[in-house]
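This report refers to the structure that appears directly beneath it.
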Amino acid sequence: MKPYAYPDQNGHFGKYGGNFVSETLSHAIEELKEAYAHYQNDPEFIREFNYELAHFVGRPSPIYHAARMSREMGGAQIYLKREDLNHTGAHKVNNTIGQALLAKRMGKPRVIAETGAGQHGVATATICARYGLECVVYMGSVDVKRQSPNVYRMKLLGATVIPVESGSKTLKDALNEAMRDWVANVDNTFYIIGTVAGPHPYPMMVRDFQSIIGKECIEQMPKHLGSDKQPDAVIACVGGGSNAMGIFHPYIPFENTRLIGVEAAGEGLDSGKHSASIQRGQPGVLHGNRTYVLQDDNGQIIETHSVSAGLDYPGVGPEHAWLSDTKRAEYVGITDKEALDAFHYLCRTEGIIPALESSHAVAQAMKMAKTMRPDQSILVNLSGRGDKDIGTVADLSGADFYCRPSCRGESVKGGQVVEFKR
Ligand SMILES: *Cc1c(COP(=O)(O)O)cnc(C)c1O
């Protein structure tokens, strides 16, 4: 096994990553770097982090053999890492706990966060309620509408949700706004970033907190596969890339395991309406680091699209850019339609309602399994549950059994139940 020790001490993954922030933030970043360098090796910090993961989140999350689905695909065995079973419904909470524990130790009483699908906002609001921290969440106004159950959840948990009206009114704009808040309130405020993006040390720190996912898999998979076997492929969806880095990172030294990241191909990789930053982007600087960015010839950020709010981001964590260039990981695209089909398929076949983000990874597993042998195996990171998405799915399916607040008073298709054909 080859040793892997990235990033370097300045946060570089090859030519990616680094630290592109204004003068006003450099002090806060230094402070954070020092705190993380100290506490990541502090036995009391590690003990509290592990305690919270076990007793508040419910870890370890199980790995489930999707036997019916595997049989129907007629190829490789498909296993699901059940991050959807975590408290708050996704992998996001792993990272949120780590950063909130740092905030407490650094004496910052106020926490801010950005959110797309609302999962990171909910996880942050949850943990702030638990630790008695003030919580402000920035969310694009488009996402506020399409993820309204999560907005209400955050409010129930005592957080303030600020809708962002600039730009495309989605995740990147929420991130910009949160950065602005941080600059203005840096003395008493800790910024909990929800993915492996942002300036160093965030991409490394978030990856480290999320690596619990892959570490558990390395223990759990041999129990399913026998002897000391690991899966032939690990698949995860990539928005900013935190659930993917969390499961990929411990697997990097296992060279017989392919690592496959799934970007949102939206209406198609060549339609101009997607969020495939690695496959269709160019190197550039976004949100404090160098990475692949969806931009035009003048360096202007291109509007992105995905049916899933959590993948709708024009950049990607710098470590993914590096893993792609070095070919240790492969990156593919799954369209909105393929993801929706996989969503319905998993509901009907395995009794699991997946997040639309995670459905992209499931769709890729379904495609690949057919090309592999039954004695081979695929491990999918099922990053979250789909409760938050049922309004979106119902709208797209023309069903009226679930009515979002936004559709009240309008006429909707009567009496139709979603018909899903295998
Ligand atoms: C936020 C989210 C994602 C995308 O974020 P990553 O940082 O790429 O993991 C994927 N799945 C779910 C369920 C999410 O909530």
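Rule-based calculations on the coordinates, nothing more; no lab input. Computed from a predicted model, the values in this text were never measured in an experiment. Counting neighbours? That spans all protein chains shown, and the Cβs are built from the backbone with ideal geometry, glycine included.
Brief remarks on what is shown
- The Kirkwood hydrodynamic radius of segment 185-236, based on inverse pair distances between different Cα atoms, is 13.5 Å.
- Considering all C-alpha pairs of segment 29-99, those separated by over 17 Å amount to 58%.
- Size descriptors for segment 57-151 (Cα atoms only): Rg and Dmax, in that order, 16.9, 55 Å.
- Residue exposure sequence - 341, 325 - by fewest surrounding Cβ within 10 Å: 325, 341
- From least to most packed, judged by other beta carbons within 10 angstrom and beginning with the fewest, 139, 106, 73 follow the order 106, 73, 139.
- Positive minus negative residues near residue 173 (Lys, Arg vs Asp, Glu; Cβ under 15 Å): -2
- Fraction of beta bridges assigned by DSSP in the chain that are antiparallel (%, nearest 5): 30 percent
- Where labels lie 7 Å past Cα in the beta-carbon direction, separation of residue 5 and residue 68 in nm: 4.9 nm
- Based on alpha-carbon atoms, the Kirkwood radius and the radius of gyration of segment 1-62 give Rg/Rh equal to 1.10.
- Computed label-point distance, nm, for sites residue 31 and residue 223 using a 7 Å Cα→Cβ extension: 4.3 nm
- Å³ per residue enclosed by the Cα convex hull of segment 286-329: 95 Å³
- Helix-only arithmetic for the chain: the sum of -39500 (n - 2.57) across DSSP H runs with n ≥ 4, divided by the residue total, places the mean residue ellipticity at 222 nm at -12000 deg cm²/dmol.
- Residue order for 247, 193, 218, fewest other beta carbons within 10 angstrom first, comes to 218, 193, 247.
- Ranked packing of 155-162, 351-358, 116-123, most packed first, by mean Cβ within 10 Å: 116-123, 351-358, 155-162
- Working ranking of peptides 219-227, 171-179 by packing, defined as the average number of other Cβ atoms within 10 Å per residue, highest first, is 171-179, 219-227.
- Mean separation of Cα contacts under 8 Å (6+ apart) over length of the chain, as relative contact order %: 19 percent
- Against the compact-protein benchmark of 2.2 N^0.38 Å, the Cα-based radius of gyration of the chain scales to 0.92.
- Approximate shape of segment 121-242 as ellipsoid semi-axes (Cα gyration tensor, √5λ), whole Å, largest first: 32, 16, 16
- Under the combined filter of DSSP loop state and at most 13 neighbouring Cβ atoms within 10 Å, segment 331-381 retains these trypsin sites (Lys or Arg not before Pro): 370.
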